[in-house]
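What follows draws every value from the coordinates through simple rules; no lab data is involved. The structure presented is a predicted model; accordingly, all values stated were derived computationally and were not measured. Every residue, glycine among them, receives a Cβ derived from its backbone with ideal geometry; neighbour counts consider all protein chains shown.
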Amino acid sequence: MAIMITDECINCGACEPECPNTAIYEGGVAWTWGGGTALTEVEIDGGEIVAGNAPQNPISEEYYYIVSDKCTECTGFHEEPQCAAVCPVDCCVDDPDYRETEEELLAKKQWLHAEV
């Protein structure tokens, strides 16, 4: 499953540099598929191809957020999600809407960081 940041976030930013997938962004900041990954383009729902560096709309305007499709819970990098480990207010928690097995998380890591 992915990790999510709850609205209890105090916007300290401790989590952002810890993410090996660059899946964490400051509230109001656009995100990209390619940032921190090897992705140069992505096929999204409906078959649309999006450039890896194309800005995507922020998921939250108010506090830090995690892009679930880029989150691997640090699987393949660390033994536990690093955002949750450094969060001073424990607002980095399991996202019940994104349940994934370890195998799925490892496959996502491979997809995000595959050498072309």
Neighbour-count ranking for 95, 90 (other C-beta within 10 angstrom, fewest to most) reads 90, 95
Amide H proximity to residue 3 below 5 Å, modelled H, separation 5+ or other chain, gives 73, 95
From fewest to most C-beta neighbours within 10 Å, the residues 113, 78 line up as 78, 113
If each K or R counts +1 and each D or E counts -1, the residues other than residue 61 whose Cβ falls under 15 Å of its Cβ total -3
Extension length gain for residue 63 and residue 90 (0.36 nm per residue less Cα distance), in nm, is 8.3 nm
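Rounded to the nearest 20 debye, what is the charge dipole size of the chain about its Cα centre when +1 sits on each Lys and Arg Cβ and -1 on each Asp and Glu Cβ?
My answer is approximately 340 debye.
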Sorting 98, 86, 35 by the position of each Cα along the dipole of the chain (Lys, Arg +1; Asp, Glu -1; all at Cβ), the one nearest the positive end of that ordering is 35
Summing -39500 (n - 2.57) over every DSSP H run of at least 4 in the chain, dividing by its residue total and rounding to the nearest 500, the 222 nm mean residue ellipticity is -4000 deg cm²/dmol
If one compares the long axis through the Cα atoms of helix 102-113 with the longest principal axis of the Cα atoms of the chain, the angle in degrees, nearest 10, works out at 60 degrees
Subtracting the Cα-Cα distance of residue 101 and residue 40 from 0.36 nm times their residue separation yields 19.4 nm
Cβ density ranking, 10 Å radius, fewest first, applied to 91, 83 yields 91, 83
Treating only Lys and Arg (+1) and Asp and Glu (-1) as charged, each at its beta carbon, one finds that region 23-89 has a dipole about its Cα centre, in Debye to the nearest 20, of 160 debye
